[in-house]
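Chemist: Once you've had a glance at the structure underneath, I'll fire off some questions.
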Amino acid sequence: MSHNEHGKEIIISLKNVGKSFEGRRIINDVSLDVYCGETFVIMGCSGSGKSTLLRLMNGIIKPDKGVVSIKGKDITRLSVEGLDEVRKSFGMLFQYSALLDSLRVEENVSLPLKEHTKLDENIIRIIVKMKLSLVGMRGFEEYYPAQISGGMRKRVGLARAIALDPDIVFYDEPTSGLDPVVGGVTDKLIRDLSTKLLITSVVVTHNMQSVFKIADRIAMIHKGEVIEVGTSDQIRNSQNPYIQQFIHGSPAGPIDFFTEDAGVTEGLGL
Amino acid sequence: MVTFIGRIIIGTVREVINICSLLFDVLYWIFVAPFKRKVCRRESIFHQMIFIGLRSVFIVFFVSLFTGVVLAMQTAYQLEKMGAVLYVASLVAISLCRELSPVFTALVVAGRAGSAIAAELGTMKVSEQIEALETMAINPIRFLAVPRFIALFFMLPCLTVLGNFSGILGGFIVGTSSLHINSDLYMQTTFKYLELKDIYTGLTKSFVFAIIIALIGCYEGLNTRGGAEGVGRATTRSVVISFILIILADCVLTAIFYFSKM
Ligand SMILES: Nc1ncnc2c1ncn2[C@@H]1O[C@H](COP(=O)(O)OP(=O)(O)O)[C@@H](O)[C@H]1O
Ligand SMILES: [Mg+2]
């Protein structure tokens, strides 16, 4: 595994990664390092390519150019089997949880265990109970995803993501769509997981309340490019107008939603 | 215009290639992978068999029953003129077993189970559940497509046999009641001319139809795009394409059986 100049272990590294969909550049020459054990937050407006960046990191999509390496392995060149091996060491929490509708809560969480370990049924049941109580969802084992609320689904999704005791967990907008209290609880959960279980977390969010609560380091992306990377304090005190506009959520600034669609603004007489 | 047609042709060719590669993937997971790695879970095959098989029993029974009834009346209409009403029995049995029961059963199951497969997998696709499986290092084809394939492959021929019986029953009801054929005589005539090859050519067809239904349902489902609307589109497409391919395959298979004197 490689190290950076401060001697920190680099667990995920993107070098000059680019990705287009249907001729549109979504990720444009992104280079990033995520250090072992830290909570790394990727923030940016919706449509800026955050989810796509996460998909590139966990190998669901392959970049058109550049290198994505996890623990020193270039995952863009791995075989299907090799990639699956790497994937077993990370978990992912999806924006809308992505629990399997046809399985009960318990079955959802036990699925990775049943598929990838040879553990006894009873042991799996105990592990599932443990993971569910870690996210405060004990007692909901028999429910189907459709029968529980969005916030609960997210927590079950988190229990599933950590079922195999991963080294890395990816979170896609873990708090969006949740009420402030549940959002706060989720933030604390992410924080706890990384401090107690020493998990490296990569969190995508545009929720400013949670960013500074959970982040060790932050990357701001806009239109598929990394604008700035730094520690929470560095970002908070950054003079970059994009970052200032994003943090304060002001409508005026360099982040302009109307530039691409000038026709609309003109049509409205704005 | 030319570019338009060209684009359609290229699109179709690409689609056919993708469908074939899905078929090869499925075959790999059924026949090759079990020797190397984990196979697909038995309980999910069982679950699919119940869903696809048992729940279609009722509708297959009725469709075939009334097909038998109608067939008996239509052939009687012709045969009465020649004073050969008795042969209604064998005509009904043979045309059901060779042709009508496999095709109608396949169409019913395509409309019922094939569309359900496309809708279910499509919903899973648009709600990122397929992606979630991939990140968990669970191959969606092994986990989702293979059980549905195996279930359909075994259940459709079973349903076809059921269709054969209920169709013959339909013919029997018409024959013995309104055509006044003695019931023993009706059954004797049925089995006198019905040969084993009539049954197994029909079943061969239904194995092929099963592959078509499962393949198209899974393909449309796994390639769904664009939210709820996309799921609706995938479902409709799966039914339409399955119907066309079933009729097409039936035509080809019938020709093969006919010219090879089977
Ligand atoms: N599979 C895809 N096909 C086509 N376009 C895509 C695909 N995935 C993402 N995009 C496009 O990429 C852009 C960024 O998407 P995304 O990464 O989901 O943004 P974010 O998560 O930051 O809101 C969007 O404009 C979206 O339309
Ligand atoms: Mg997103």
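The values are calculated or read from the model by the stated rules, or taken from the named source; none is laboratory data. Everything numeric here is computed off the predicted structure, so don't read it as measured data. Reconstructed Cβ throughout: ideal geometry from the backbone, glycine too, with neighbour counts over all protein chains shown. When the accessible area is computed, the model is the full protein with side chains, heavy atoms only, and any ligands, DNA or RNA have been set aside. Shrake-Rupley method; radii C 1.70, N 1.55, O 1.52, S 1.80 Å.
Chemist: What accessible area per residue comes out for the protein assembly as shown, rounded to a whole number of Å², with a 1.4 Å probe?
Modeler: Result: 48 Å² per residue.
Chemist: When the solvent-accessible surface of protein heavy atoms is calculated with a 1.4 angstrom probe, in what order do B:V57, A:V181 fall, highest first?
Modeler: Output order, biggest surface exposure first: A:V181, B:V57.
Chemist: Give, as ranges by residue number, the residues of region B:172-201 whose backbone N falls under 19 Å from the point 7 Å along Cα→Cβ of B:M82.
Modeler: Under cut-off, by backbone N: B:175, B:179, B:181, B:186, B:189-195.
Chemist: Cut-off 17 Å, label point 7 angstrom out along Cα-to-Cβ of B:V70: give me the residues of region B:217-261 whose amide nitrogen falls inside.
Modeler: Under cut-off, by backbone N: B:247.
Chemist: Would you mind giving the total buried accessible surface between chains B and A, with a 1.4 Å probe and ligands, DNA and RNA left out, rounded to the nearest 100 Å²?
Modeler: It comes to approximately 2000 Å² buried between B and A.
Chemist: Starting with the highest mean, order B:101-110, A:76-85 by the number of other Cβ atoms within 10 Å, averaged over the residues of each peptide.
Modeler: Packing proxy ranking, top to bottom: B:101-110, A:76-85.
Chemist: Suppose we compare each residue of region A:99-118 in its chain alone and in the full protein complex with a 1.4 Å probe; which ones drop by at least 30 Å² of accessible area?
Modeler: The answer is A:L100, A:D101, A:L111, A:K114, A:E115, A:H116 - residues whose exposure falls by at least 30 Å² when every protein chain is included.
Chemist: I would also like to ask the following. Testing the spin-label approximation: label points 7 Å from Cα along Cα→Cβ at B:T254 and A:D74. State their distance in nm.
Modeler: About 5.7 nm, to one decimal.
Chemist: Something else about it: Could you give the nm distance between label points at B:R225 and A:C36, where each point is 7 Å from its Cα heading toward the beta carbon?
Modeler: 4.1
Chemist: Which angle from 0 to 90°, rounded to the nearest 10, does the C-alpha axis of helix B:196-222 make with the longest principal axis of chain B?
Modeler: Roughly 30 degrees between the two axes.
Chemist: Turning to a different aspect of this structure: Just grab the label-to-label distance for A:K88 and A:E225, each label 7 Å out from Cα along the Cβ direction, in nm (one decimal).
Modeler: In this crude label model, A:K88 to A:E225 measures out at 4.2 nm.
Chemist: Over the Cα atoms of the protein assembly as shown, what Rg and Dmax result, in angstrom?
Modeler: In order Rg, Dmax, the Cα atoms of the protein assembly as shown give 29.5, 101 Å.
Chemist: Of the accessible area of region A:31-158, with the probe set at 1.4 angstrom, what percent is carbon plus sulfur?
Modeler: 52
Chemist: While we're here: Can you tell me which of A:L164, A:L103, A:L14 moves the most in a GNM of chain A? Springs connect C-alpha atoms under 10 Å apart.
Modeler: Highest fluctuation of the listed residues: A:L103.
Chemist: Something else now. Output the pairs from A:K8/A:K129; A:K19/A:K71; A:K50/A:K114; A:K88/A:K129; A:K73/B:K36 with a Cα-Cα distance over 28 Å in this structure; if there are none, say none.
Modeler: Result: A:K8/A:K129; A:K50/A:K114 exceed 28 Å.
Chemist: Please determine, in degrees from 0 to 90 and to the nearest 10, the orientation of helix B:57-82 with respect to the longest principal axis defined by the Cα atoms of chain B, where the helix direction is its Cα long axis.
Modeler: Roughly 40 degrees between the two axes.
Chemist: Now, a different point. Would you tally the net charge around A:K129, using a Cβ to Cβ cut-off of less than 9 Å, leaving A:K129 out, and scoring K and R as +1, D and E as -1?
Modeler: That sum, taken over residues with Cβ under 9 Å, equals +1.
Chemist: In addition: Antiparallel versus total DSSP beta bridges in the protein assembly as shown: what percent is that, nearest 5?
Modeler: Roughly 55 percent of the DSSP beta bridges within the protein assembly as shown come out antiparallel.
Chemist: Share of chain B's accessible area from carbon and sulfur, percent, 1.4 Å?
Modeler: 72
Chemist: Based only on the alpha carbon positions, what is the Kirkwood hydrodynamic radius of region B:45-259, in angstrom?
Modeler: 18.3
Chemist: A follow-up question, please. Subtract the Cα-Cα distance of B:R55 and B:R41 from 0.36 nm times their separation in residues, and report this length gain in nm to one decimal.
Modeler: 2.9 nm
Chemist: Also, I was wondering about something else. When Lys and Arg each count +1 and Asp and Glu each count -1, what net charge do the other residues less than 12 Å away from A:D233, Cβ to Cβ, add up to?
Modeler: After counting each charged neighbour, the total is +1.
Chemist: Where the centroid of each part is defined by its Cα atoms, how far is region A:35-54 from region A:224-249 in Å?
Modeler: Each part's Cα centre sits 13 Å from the other's.
Chemist: While we're on this one: Where both residues lie in chain A, what percent of DSSP beta bridges are antiparallel, nearest 5?
Modeler: Roughly 55 percent of the beta bridges in chain A run antiparallel, per DSSP.
Chemist: So which GluC sites (Glu not before Pro) in region A:1-71 are both in a DSSP loop and have at most 13 other Cβ atoms within 10 Å of their Cβ?
Modeler: Taking region A:1-71 and a limit of 13 other Cβ atoms within 10 Å, the loop GluC sites (Glu not before Pro) found are A:E5, A:E22.
Chemist: Longest span of chain A, sites excluded, free of chymotrypsin sites (Phe, Trp or Tyr not before Pro) in DSSP loop with at most 14 other C-beta atoms within 10 Å?
Modeler: Free of exposed loop sites, the longest segment is A:1-256.
Chemist: Which residues of region B:135-175 show a drop of at least 30 Å² in accessible area when all protein chains are present, compared with their chain alone (probe radius 1.4 Å, heavy atoms only, ligands and nucleic acids excluded)?
Modeler: Listed in order, they are B:T135, B:M136, B:A137, B:I138, B:F143.
Chemist: Which order do B:C218, B:C158 take when ranked by solvent-accessible area (1.4 Å probe, heavy atoms of all protein chains), largest first?
Modeler: Ranking B:C218, B:C158 by accessible area, largest first, yields B:C158, B:C218.
Chemist: Now, a different point. What ranking do A:130-138, A:112-120, B:205-213 get when scored by the average of other Cβ atoms within 10 Å per residue, highest first?
Modeler: Listed from highest to lowest mean packing, they are B:205-213, A:130-138, A:112-120.
Chemist: A:D165: net charge of surrounding residues, Cβ under 13 Å, Lys/Arg +1, Asp/Glu -1, itself excluded?
Modeler: Net of charged neighbours comes to +3.
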